[in-house]
Structure formats: C-alpha cells, structure tokens
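Read through the structure below, which is laid out as structure tokens, and then see the notes.
The values are calculated or read from the model by the stated rules, or taken from the named source; none is laboratory data. Note that the structure is a prediction, hence the values are computed from the model and not measured. Backbone-built Cβ (ideal geometry, glycine too); neighbour counts: all protein chains shown.
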Amino acid sequence: MRFLAPGFLHLAWLLVIPVALYLYRRQARRVQVSTLLFFKVLAREHQESAWLRKLKRWLSLLMTLLIFLALMLALGRPIWSGLGEEGELVVVVDRSASMGAKDASGETRLEAGVKLLKGRLASVPESVAVTVIAGDARGEVVLSRSRNRRECLRVLEGLETRPVEGSRDAVWRVARPMREMVTGSGLWWVTDEVGGELGEGGEGVVWLGVGLREMVNVGVTGFQVRALPLERERLEGFLQVSAASGNAGAVTAKVEVTVGGRLVHLREVEMAPGKSVALSLPIEGGRGQVVEARVTTEGDCLAWDDGVVARLPSGQALRVAWYAEEADPFTELAFQSLVDAGRVEMVRGNVAAFPPREEPDVYVFENWLPEVWPEGRAVIALRPPRSLGPLEVAALPGGGVPHSGVRVVRGEHPVLHRVTASRVAVTQSGVLGLGRGLEALWMAGDEVLLAAGEVSEGQRVVVGAFTPARSEQLTMLPAFPLVLGNALFWCGEESVLRRGLAVTRTGEMLELGGRAEWTWWDGTAFQTGVETEAGWAEVDRIGTWVAEDGRTGMTLLASAKETEVPIVLEGERPAGGAANGAVTKVSAGPGWTVVKWLLVGLLVLLLGESFLFHRRAVY
C-alpha cells in the first residue's frame, strides 16, 4: 500500500487522546440516599459478570481507536500496491496548428478535446496514474505518471496550439514507451484526424476525434523571397495560397502584401475546394525591410496559416574560389571585370591547398579538377582535363579542334541570357558527354561544347569544353564574358539567397546564440519585439528575426497538411476504439479504492460504538 497524501499520517498522535481518556476514570463516590429499592431493580436488570463489563470497555476503546485510525488513513489516500499490475493511462493531446481551428461558437479543437478529456477522466479511479503527452512535430511529456487529478486537469487546461505541422510517427515514438512501462495500460489520443496505422504496439488505441462538422479555410502553403534570374538587384515574392478540400464550395480570399508597413499588393483570388493559386509578386524595397503577407477569407476557421513574414535579404557579393593550372588570360580578364563591378568576391586558390577552410558559393576549376568532387556547392568547370563526378570528359590532344560556328540548343537557358552566338567560333578542348542532369547549350556538329544542369541534390554545374585563347573571335565578342557572368550568377544565386535569409520550418531547432529581434504572426496580427534566446531553441512562431551578429532568417509553417483541416463525416467513428465521447474502462486493481473501504469501515465502527454506548451503556 502507498499513500498519495502521506502528510496526514502525522495525525496518528491523536490516538493518544482516547487512550488517555480510557486510563483516566473517575473514582466512585459514596452518596447517601433515602432508599436502595430503585438501585436493586437496576442491578437485577443489568446483572453481568465483571469480566464481561471489562471486555465491553476494551471493545469500546478498540473501536474508538479504529475510528481515529480509519479517518487518518482515509485522509492519507492509500492505494493498492503489490497486488498485481496497476492500471495506467497515457493521454496524447494533439496541439499542432490545425487544432487551433474554431467552430461556429469560437471553440478551438484543442479546447473541445480538453473538455472531452475532463468528462472521461471523471470516470477513471484516482489510483490510475495518468501521463499526458502534448504532440506536434514531436512528443513532449508534460505530465508523467501522476495520480493527482487536480494537477492533471491543470496541465490539460494549460495546453495551447502551436503553429507547427504535426507528425504522428514522431509523437508515437514518445507515447509507445510510456504505454509499455506497465502492461495493460490504456492510451487515449485526442486529435482532429482519427484512425490510421501506428505500427507495432498501436493496437487498442482509443481515438478521440474532435474534427469540425463544417468549415472554411484558406491558408498560405508556400512563400519565398527570391532574386529574379540573372537580375540579382530585383526581387520577387512567390506566394502559394490553397483552399482546404473540406470547404463547402468556392471561396474568395483577399491577399495583402506590405513592405516596410506600406501596402504594395492587394489581390483577390477565387478557389474551388482543394485548389491552389500561385502568385509571383514583384517586390521593391530596401534591403532588410520586413515583408508581411496576409490572407483574409470570410468565415476562415484557422488563423495560423493566414500570415507569413520575411525580410528582404541584404545585397551580398558572390563568393567565388578559382582554381586553375595554366589559367587562360581572357578568363582572368572576364572575372576581373566582375570583381571591379563589386558583384563578385574572387579568391585565387592554390590547387595544393584544396579544399579551402571556408567554402565559397561557387567553385571555378580551369584546366584542373580535384581528386574528390565537391558536394553541396555549385561548380563551373572550364576545359576539364578528365572525368570526375557528373563530368564525362575526354581531353583532345594538341591544341584541340577548331569550329567555325556553334549551334545554340537551349537559348532560353539563364546561362545564355542576352548572349548572341551568331559569330562565335571556338576551339574544342575535349569530348564532353552528358549525364546526371546536364543538358547541352552549345554544340558544334555532334559535339557538345557547353553544358549546364542540376545534378545530385540540386547542385548546379556548368562545364565548357573549349579554349578561349585559341578560339577565333570569341574573346573579341561580348559573348564570352556574358556566358561566364551568367554562369556564375546562375550557379550561385540560390547559395547567396540562402546565406542572406535562412528559412527554418516551425518545429525545427534554431540557434540564435544571443539577442534577436523578431517580427512574427501571432494568429491575429503581426507583432514586433526583442527577445533573448540562449543557444538552440525550438521554433514555435511564424516570423523573421535578426541576430546580434547580423544573421537574418525566417520561420515558416506553409503546410498543406495543416491547412487541410480535417472534417468529421456523418456517421464516422474513430478507428481502434469507441465512438467520440464514449467511456472506456482502464484497469485499476480492485474495484473499490482503499479510501472507499476505509470510509465504509469508519461508518460501521461509528454505528457499532453508538450501539454499545446508547444500548449497552458501555463507557
């Protein structure tokens, strides 16, 4: 037996009182009376032996002590232990973004789920330990194996929805070990999306669905601030707006975009259920200004997906590391013009010291290749001497093969932007093969002279199989420096943008490392404030931040899963358990708790003591 409130056990000193009263008995006094007739009649009616009277007094003392003891133990709230497995209950409460959806009365799905749990927990014996797990992108144990119902209810009432995409698998990885700690424990899962497979050990889960019967929701499912191709000084905002498939019909949403507090775009879009609209919006503003986008729809039930915040990235030069053996003088001249314009930071690397300590945005290899292909950074390979990684090259002997003209295969490719190749004559330096995402841009007959593409994991690669110094007229035309400049900016534009504005999904970990200024969407309006974060922290807001060291970034929900607010169909019942609101039994040892048995025993003792005192005159 264990006690939930052992502090009351100190009341055991009260047992001294009835013992002291029993030991202290008043001595009989002699009193003169006029006659003994009345007392003789009483003696005949209550005639009993001395040992019986003594036994009754001991019995009265024992019952008095038992009354005090039963009261003290009942206040200590004992529970059974050591009599087989105790039942336990694990409660998982979904607090992902979609649980913030409101019904017609303004009640969120989380509030409805907590109300449902309160009613069900009232039927669970207090001897059952309850574990509460809050789930979104991961599971968090907010209450562990507690038998204190007040504490359990307080924890449930303190839960709040977060703008985070839910992951049932991640939550189950936390809930399953808690459930398996005690054999036969129950598991209740409160969510707006019931049913589904949980994998091994997921049998017998009771799904408590709190989905909406009807709803309207439109939200932002994609957002990005990006530079226009090869025009790095101009920015545009990509915005994807989606309507939930549960909408009753087509809806009209209003899209507002502000830059630095100034309204720059106002659009109205009409969407059928389950459809999306993609908007490309030119953005003009100073670097570092805040961009706020908000979607407003009449009757919208979910506010978390209605707003996004970003910051215009600051202008940063492209960082290029150039490694060459026998560098072409015309290549060096073209690069120098870009450096003088302040658009490129060029570092001439030593091939013997490759790779560098700090990775650039773009690697340029001229007439040389490293031993191992660099992953994760864009590469421009000029006159590669051999095959490596995605490059399939066979160098030509001697000075190469001259070609009087080139044929443009893909003139719309960004690398050939504004490049005129009508008078270009080149000298081929190697036989170039296409593979792993590369596509031909220039060809001479059947030979590929210039190719570009995205290889593994989005790595951009440009390869040129010609020698500028030996190419007739090529160095005298603007085509060659244009091709090099376009190739640099096309390869490095994504890297520069990521470096200027890091994007983090809500629910992931973010290292701020100090004081950070935030602008965020709180579900109703955009807020601005300065907060201090120490080390790594989980992102639980939609917004943009600026750290003390100058780093900037944005946090984004943009989840089609959360925008697709689940609805409950007529006649639908949660899988794996009873219907919504039904009560299931949880094993709790004996049918009655110890406290109830003690209270019943206390009542019996009181009745027995009363009978002895009033009917048998035992005192």
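Among the residues in region 408-417, are any among the hydrophobic types (A, V, I, L, M, F, W, C) and under 18 Å from R470 (Cα atoms)?
Restricting attention to region 408-417, the residues satisfying the condition of being among the hydrophobic types (A, V, I, L, M, F, W, C) are 408-409, 415-416.
Of the ones still in play, those that are also under 18 Å from R470 (Cα atoms) are none.
No - not one qualifying residue is present in region 408-417.
So, in region 455-471, how many residues would count as being modelled with pLDDT under 90, of a type outside the set (S, T, N, Q) and within 41 Å of the chain's Cα centre (by Cα)?
The qualifying residues number 3.
Condition test on S280, is it out of contact with any strand residue (DSSP E or B) (no Cβ under 8 Å at 6 or more places or on another chain) and either within 27 Å of G135 (Cβ to Cβ) or polar (S, T, N, Q) (or both)? Let's see the steps before the verdict.
Numbers: out of contact with any strand residue (DSSP E or B) (no Cβ under 8 Å at 6 or more places or on another chain): no; either within 27 Å of G135 (Cβ to Cβ) or polar (S, T, N, Q) (or both): yes.
Here the answer is no, as S280 does not meet what is asked.
Select, from Q32, Q47, Q27, the only residue that is part of a loop (DSSP other than H, G, I, E, B) and either at pLDDT 80 or above or surrounded by 10 or more Cβ atoms within 10 Å (Cβ to Cβ) (or both).
Numbers: Q47 fails: either at pLDDT 80 or above or surrounded by 10 or more Cβ atoms within 10 Å (Cβ to Cβ) (or both); Q27 fails: either at pLDDT 80 or above or surrounded by 10 or more Cβ atoms within 10 Å (Cβ to Cβ) (or both).
Exactly one residue qualifies, and that residue is Q32.
Can you find a residue in region 359-372 that is surrounded by 15 or more Cβ atoms within 10 Å (Cβ to Cβ), among the polar types (S, T, N, Q), without any contact (Cβ under 8 Å) to a residue 40 or more places away in the chain and assigned to a loop (DSSP other than H, G, I, E, B)?
no
For V264, state whether it is in contact (Cβ under 8 Å) with a residue 40 or more places away in the chain, of a type in the set (A, V, I, L, M), surrounded by 14 or more Cβ atoms within 10 Å (Cβ to Cβ) and touching a strand residue (DSSP E or B) at 6+ places or on another chain (Cβ under 7 Å).
Values: in contact (Cβ under 8 Å) with a residue 40 or more places away in the chain: no; of a type in the set (A, V, I, L, M): yes; surrounded by 14 or more Cβ atoms within 10 Å (Cβ to Cβ): yes; touching a strand residue (DSSP E or B) at 6+ places or on another chain (Cβ under 7 Å): yes.
No; evaluated as a whole, the condition is false for this residue.
Taking region 397-414, which residues are modelled with pLDDT of 90 or more and loosely packed, with under 15 Cβ neighbours inside 10 Å?
The answer is R407, and nothing else.
Go through (1) buried (at least 16 other Cβ atoms within 10 Å of the Cβ); (2) over 25 Å from the mean Cα position of the chain (by Cα); (3) of a type in the set (G, A, S) for A97 and report which single condition fails.
With respect to (1) buried (at least 16 other Cβ atoms within 10 Å of the Cβ); (2) over 25 Å from the mean Cα position of the chain (by Cα); (3) of a type in the set (G, A, S), A97 is out only on (2).
Kindly check whether there is at least one residue in region 294-305 that is in contact with a helix residue (DSSP H, G or I) (Cβ under 9 Å, 6 or more places away or on another chain) and under 22 Å from L450 (Cβ atoms).
No, region 294-305 contains no residue that is in contact with a helix residue (DSSP H, G or I) (Cβ under 9 Å, 6 or more places away or on another chain) and under 22 Å from L450 (Cβ atoms).
Would you check which residues across region 162-189 are more than 17 Å from the chain's Cα centre (by Cα), surrounded by 16 or more Cβ atoms within 10 Å (Cβ to Cβ) and in contact (Cβ under 8 Å) with a residue 60 or more places away in the chain and list them?
Taking region 162-189 first, the residues more than 17 Å from the chain's Cα centre (by Cα) are 176-189.
If we keep only those that are surrounded by 16 or more Cβ atoms within 10 Å (Cβ to Cβ) as well, we get 176, 178-179, 182, 185-189.
Passing the criteria: M178, R179, V182, S185, G186, L187, W188, W189.
Kindly indicate the residue of region 139-161 that is of a type in the set (K, R) and touching a residue at least 40 places away in the same chain (Cβ under 8 Å) and also surrounded by the most Cβ atoms within 10 Å (Cβ to Cβ) among those meeting that condition.
To start, the set of residues in region 139-161 that are of a type in the set (K, R) comprises 145, 147, 149-150, 154.
Subset that is touching a residue at least 40 places away in the same chain (Cβ under 8 Å): 145, 147.
On the way: R145: 15, R147: 18.
Ranking the candidates gives R147 first.
Any idea how many residues of region 190-205 are of a type in the set (A, V, I, L, M, F, W, C) and surrounded by fewer than 20 Cβ atoms within 10 Å (Cβ to Cβ)?
First, pick out the residues of region 190-205 that are of a type in the set (A, V, I, L, M, F, W, C): 190, 194, 198, 205.
Okay, now just the ones that are also surrounded by fewer than 20 Cβ atoms within 10 Å (Cβ to Cβ), so 198.
Qualifying residue count, region 190-205: 1.
Could you run through region 295-341 and say how many residues are surrounded by fewer than 22 Cβ atoms within 10 Å (Cβ to Cβ), part of a helix (DSSP H, G or I) and among the β-branched types (V, I, T)?
Final tally of qualifying residues: 1.
What do you reckon, is V205 in the same structural domain as T544 (by TED's automatic domain parsing), within 25 Å of the chain's Cα centre (by Cα) and touching a residue at least 60 places away in the same chain (Cβ under 8 Å)? Reasoning before the result, please.
Numbers: in the same structural domain as T544 (by TED's automatic domain parsing): no; within 25 Å of the chain's Cα centre (by Cα): yes; touching a residue at least 60 places away in the same chain (Cβ under 8 Å): yes.
So V205 fails the test.
For region 367-403, which positions are among the small types (G, A, S) and out of contact with any strand residue (DSSP E or B) (no Cβ under 9 Å at 6 or more places or on another chain)? Write out each step before concluding.
Taking region 367-403 as the starting set, the residues that turn out to be among the small types (G, A, S) are 376, 378, 381, 387, 389, 394-395, 398-400.
Residues satisfying the conditions are G376, G398.
Give the residue that is farthest from W188 (Cα to Cα), with candidates limited to residues of region 99-116 that are in contact (Cβ under 8 Å) with a residue 24 or more places away in the chain and of a type in the set (K, R).
As a first pass, look at region 99-116 and keep what is in contact (Cβ under 8 Å) with a residue 24 or more places away in the chain: 99-103, 108-110, 112-114, 116.
Cutting the leftovers down to of a type in the set (K, R) gives us 102, 109.
Working: K102: 22, R109: 16 Å.
Here the answer is K102.
Can you find even one residue in region 287-294 that is among the polar types (S, T, N, Q) and not in a loop (DSSP other than H, G, I, E, B)? Walk me through how you get there before you give the answer.
Taking region 287-294 and keeping what is among the polar types (S, T, N, Q), we get 289.
From what is left, the residues that are not in a loop (DSSP other than H, G, I, E, B) are none.
Scanning region 287-294 turns up no residue that is among the polar types (S, T, N, Q) and not in a loop (DSSP other than H, G, I, E, B).
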